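Take a look at the structure set out below.
Throughout, read-outs are computed from the coordinates displayed, never taken from laboratory work. All of these numbers come straight from a predicted model, not from anything done at the bench. Please note: Cβ atoms are built from the backbone with ideal geometry, for glycine as well, and neighbour counts cover all protein chains shown.
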Amino acid sequence: MTKIIRQKLGTKAAVISMAAAISMTAISGAQAGVSGDGTLEWNGFVENATFLRKGVGLSKFRNTVQLELSKQFNTGSVFSELSLNVTFRGTYDGVYDLNKSDYGNQAGGAINLQSTFSGGPGFVPHGSGIVSTGTAFFGFNTVVNPNSGLIVLGSDAHANNEGGVSFGVPVRPCDVDSRGCIAGYMDFDSDNLRFPEFNSRMDFLREAYIDGSIPFSNGHELNVRLGRQQVVWGRTDLFRVLDVINPVDYSRQNIYDELEDIRIPQWILNMEYRMGAVGSFEDLNMNLVWNFDKFRPNSLGQGGTPYQILGAGGFFRGMKNCWNNGCTVANFAGLPVPGTTGLAATDFAPGSIGIRGANMPEWSIGNTQIGFKVEGVKDGIGFSLNYLTYLSQLPSLHGGSAGPAALNNFTGEVKPWPYLIAFDIEFPRIHLFGGSMDLYADSIKSVFRFEAAYTTGEEFGNTLRPELYSESDVIRYVIGWDRDTFIPFLNKNKAFLFSAQLFGQHILEHELEETPASLAGITGFGKAGIPDWKDSWTMTFLMKGWYMQNRLSPQILAAYDFNGGTAVISPSIDWLIDDSWRLVVAANFKFGKGPRKFDDCRSCNPWGPFTATPFHADALQAGSVGLAGFEPLGRFRSGPIGMASKEDEIQVTLRYRF
Amino acid sequence: MKKQMTSMITGAILGLGLASGFAADMSDVEKLFYPYKNSVPTHEGLKSGVIINQSNVEKFKDILDEGMYQFIKDGWTEMSVTDTMAYELNKAYINATKVNLNKTTLGEKTGDIRGFITGRPFPEEPDLNDPRAGEKLAFNYKYGYNWGDNGSVYPFYWKFRDLNSAKIERTLKFNFHFLNLKHRVNDDPMPDLPKNPGGLFRGIYVQVLEPFDVKNTQLLIHRYEDDLKRDNAWLYLGFQRRVRRLATGQITDSFLGSDLMIEDFEGYNGRISDMSWTYKGTKNIMLPFYKHNEQKLTEDHKMSDGFQFIEFGGKGGCFPNIDWQLRKVYIVESVPVDPNHPISKRVHYIDAETFTLPRTVIYDRKGELWKTFVIGQAHPDYHLPKNKGSGVAIDDSFMMLDVQGAHCTTGQFKGQIDSALSPRKKFTVQNLRVTGK
């Protein structure tokens, strides 16, 4: 049966390629197809996106066929308008076949992990830790978990982990190497990766909804949209402050793809009561959104895929492998060997550290998500007030005392251990209260956009807590500015668009404290707590011009992460060759500090007194003293730009619309 | 009658204090609305069926605007002549003008209009000695019966053309909708729609249907009754699924890459107060007024109801193949108040009978000829059956020719005077979101 399914999936590449070829040669013009009675319209496109990454080579060879259908129905007495709208999308990403050594079934290899313990080698192979089989319960079976098909965690972001913690990450598709695959969350096999839409959730059906309007005698109208759809809230670009109803797929191109293309459609009932002008409001509307789909988290990528936001896919897969099969952790154990320094690479047994699994919320009424919005225009100012209760689309790691029962590698005792880096993945419920507005300031010929949200229920990693996470309310906001400005020496006929946005995040119950070691000024030790910045800001800037009747549009998009000290610049040229063909050539360059360090909980002393450090006054007292490294929590200091600092790319996209 | 006289006196008094007053009488109104009742303008050698071309253009130089004269002289186009015919505006509009005669005055600032109710606000022959004459003509255009109380161009094809190669680079398909929320004379409720807290005068809603890269783009413009208040405009971008408020810069910028800016729509689509208006004189010149059903029509985009669009030809395929007729025009110059505006001035040739803007010539910041705009006006009785008797000069074809860039945008309208196509709900910001994906 598996073979049959695989054969079927294997033909999809050929089908998509053939469809693309037929479309490109046989269909001309970009006018929509229309049925004789004019009630059915269809159009679509085929597209190839080829991206090349510095130091890697091919990072994307995505071929897409998208078909959009719209059918208008004769309306009876209830509906004034009624239509069915369907969008199909199928893609084949050839990178997994064309660049197998980086992303396919030949990716990864044997690795060596750093061991700064001066009494042993500086690097040891995976499975050959200094502390290993023969020492208490340490060690794991290298037949089950061999040193092959691996990369060192974070090696794609930093060449040297500078004495920090690390471990191996399996990087081959889950059908080739099942190690570290998290069931129901990050368990993509070769065909899932090649054909991401053809999965059990039928993501090839990007949209399928009935849209109808019911007029009332008072002039008001109820618009009902039922089905698989995207629902977009908010007024800002790039950032998701209110636009959080649909989860997004960061595995497509990290944070750099259009949200339109990476929102994961959900089965939603979207009702809007449109009142038009009411009282002093020029326009007033009430909106109810009920996302009754089975929960979907954001797709963060997977160990071995070219795009992973914050490198999370690799971290999770490595951690899951640690839990299932054990793993060698670099620079971990301080050995009581006189005259030696440093930390020894350590082979942990299965079931002792890592990620046990993801508790994906099952479908139930209680797990559905609901939102309300009031939106309108008053005195020329557009505004909205929003409320949404939803399940976090980002994972929360519950560890330590709230984590799974784990094996003490010294004693063999199995139970949840405070501060132990053994986790379950949860998706907590969040309540969002927000609003937005836009206005035009004539004196400076600028449009300003504001968007803000206050959330409760979000969880953050926290090395000060025995469960290694804590809850905090969060404020997020975006201030946007748009202005059209003529630059006569560049184009005397057409203004350039300048657009800037400042995104801010404030974690209200942020915890970050000095540790005994950091207070003592010991090198390599720092503060412990929540790795995310208490206050963080990111700024974006867009300059866009148009030439040749808007058919040629160069732009520069840049972003700067103030806290991470990292920047990305993405220049591009969008050439609309004619009504059918479109070519986009872009680049994506990162600059700045790159990876940052944070308390990695090596010094959390979960198994005292064996794991106690000289800075633990009580060897039985668990808790971090702040030993820090790039991995795993430094990624939250680095941010998505810094963690992808080595992913400079040249990107070419060619689209034919029919 | 007594009430009317009182209003006239009040208007005159107000006028003395605020702007030069002029009291029109009923005979003035008759003359203005029926300029061809007793006679039509003539020119030696001009008659129906004549083709003005390179060989004979000098004979007709006096009745051609500067731009059209040059185009014909250069052999870019020819002009087919037809008899001057009356375009009687909707009777309700004419009656409203009579009822509200002399009630309207200008305030101190350009764009400050007072007392206007319905009809034509200044039904008087312009006077070169009146410094506000240009502004009054501009208000007559603004409050003209241009699309009636509401109208639609449904659909509307724009083609981007290279003047030299005649290559059609882009074809855009739109729907345009217009709705007057105030000063209505024909469709209930009149004169104003209820529930208009923002004090809007007019809404313009545009939906792009093709091609793919701009499909689902929508534009909404809210023009306030208070001309000194800035328009509000929003753009919905299909690929972003987001409504974006437009800055003024985008009103005076190329619209979707065409040779038109939003401010160019209908000849002029902005606030009166954004310009300084100067009346330059009255003249008889050739204007693109014709019977749609008697023109050479194209087979392209033929509609299922049999409607066919105007054919284009001439240099670059930029010129509509339509008839022209000799008509009385008021020539008005508009100069942007904003020194950073991309143009230095427009010269409008206002059709005296309909107060439409069938010819506009646009000059760049250096004062050099930049663009020339032709809007063909079809007689409603020779168009769609639903338009018959509507008393609306139907915008039916346009050419915006960028003579510096050797490029043009042409437009083919299916204008429909049909209130059902432009319900009020189309003119809300929320409609952009609902109509978009």
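Compared with the dominant principal axis of the Cα atoms in chain A, helix A:634-643 is inclined by about 40°.
Using the charge dipole of the protein assembly as shown (Lys, Arg: +1 at Cβ; Asp, Glu: -1 at Cβ; taken about the Cα centre), state which of A:PHE503, B:TYR290, A:ILE421 has its Cα farthest towards the positive end. Among A:PHE503, B:TYR290, A:ILE421, the one farthest towards the positive end of the dipole of the protein assembly as shown is B:TYR290.
Under 1.5 on a/c is rounded, so check that first for the protein assembly as shown, then, if it is not, pick prolate when a/b is larger than b/c and oblate when it is not; a ≥ b ≥ c are the square roots of the alpha carbon gyration tensor eigenvalues. Judged from the Cα gyration tensor, the protein assembly as shown comes out prolate (a/c at least 1.5, a/b above b/c).
May I ask you to list the GluC sites (Glu not before Pro) in the stretch A:480-535 that are in a DSSP loop and have at most 16 other Cβ atoms within 10 Å of their Cβ? Taking the stretch A:480-535 and a limit of 16 other Cβ atoms within 10 Å, the loop GluC sites (Glu not before Pro) found are A:GLU509, A:GLU514. As a rough footprinting exposure proxy, the listed residues B:GLU124, A:GLU197, B:GLU299 were ranked by other beta carbons within 10 Å of their own, and the order from fewest upward is B:GLU299, A:GLU197, B:GLU124. Going by neighbour counts of Cβ atoms within 10 Å, the residues B:ARG230, A:ARG252, B:ARG120 line up, fewest first, as B:ARG230, A:ARG252, B:ARG120. Legend: calculated FRET efficiency, A:TRP42 to A:THR340, from the Cβ-Cβ distance at R0 = 56 Å, rounded to 0.05, equals 0.20.
Averaging the sequence gap over all C-alpha pairs within less than 8 Å and six or more residues apart, then dividing by the number of residues, gives chain A a relative contact order of 13 percent. Could you tell me which of the pairs A:LYS373/B:LYS142; B:LYS167/B:LYS388; B:LYS91/B:LYS328; A:LYS590/B:LYS173; B:LYS136/B:LYS414 are separated by over 32 angstrom between their Cα atoms in the structure shown? The pairs that break the limit, which is 32 Å between Cα atoms, are A:LYS373/B:LYS142; B:LYS167/B:LYS388; A:LYS590/B:LYS173. Fewest neighbouring Cβ atoms within 10 Å first, the residues B:HIS407, B:HIS301, B:HIS292 line up as B:HIS301, B:HIS407, B:HIS292.
One decimal place: the segment A:ILE365-A:LYS294 gains 24.6 nm when fully extended, by the rule 0.36 nm per residue minus the C-alpha distance.
For the stretch A:308-386, chymotrypsin sites (Phe, Trp or Tyr not before Pro) meeting the loop criterion (DSSP other than H, G, I, E, B) and having at most 13 other Cβ atoms within 10 Å: A:TRP363.
Taking the alpha-carbon distance from B:LYS229 and a cut-off under 12 Å, which aspartates and glutamates remain once sequence neighbours fewer than 8 residues away in the same chain are dropped? Cross-link targets: A:ASP379, A:ASP442, B:ASP112, B:ASP274.
Straight-line reach from A:LYS445: taking Cα to Cα under 12 Å and skipping same-chain neighbours fewer than 8 places apart, the aspartates and glutamates in range are A:ASP482, A:ASP484, B:ASP338. On a 0 to 90 degree scale, rounded to 10, what angle separates helix A:2-26 from the longest Cα axis of chain A? Tilt of helix A:2-26: around 40 degrees. Across chain B, C-alpha contacts under 8 Å between residues 6 or more apart give a mean separation that, scaled by the residue count, equals a relative contact order of 18 percent. Gain on full extension, evaluated as 0.36 nm per residue between A:MET202 and A:ASN141 minus their Cα-Cα distance, stands at 18.2 nm. Relative contact order of the stretch A:462-658: 20 percent, from C-alpha pairs under 8 Å at least 6 residues apart in sequence.
Counting only other residues whose beta carbon sits under 15 Å from that of B:GLU124, what net charge do I get with K and R as +1, D and E as -1? For residues surrounding B:GLU124, the net value is -1. Straight-line cross-link reach from B:LYS283 at under 15 Å between alpha-carbon atoms covers these aspartates and glutamates, not counting any fewer than eight positions away in the same chain: B:ASP62, B:ASP65, B:GLU66, B:GLU125, B:ASP127, B:GLU333, B:ASP351, B:GLU353.
Note on the stretch A:487-635: along the principal axes its Cα atoms extend 74, 27, 25 Å, ordered by decreasing extent. Per Stokes-Einstein, at 37 °C and 0.692 mPa s, what whole-number D in µm² s⁻¹ belongs to chain B, with the Kirkwood radius over Cα pairs as the hydrodynamic radius? Value of D from the Cα-based Kirkwood radius: 149 µm²/s.
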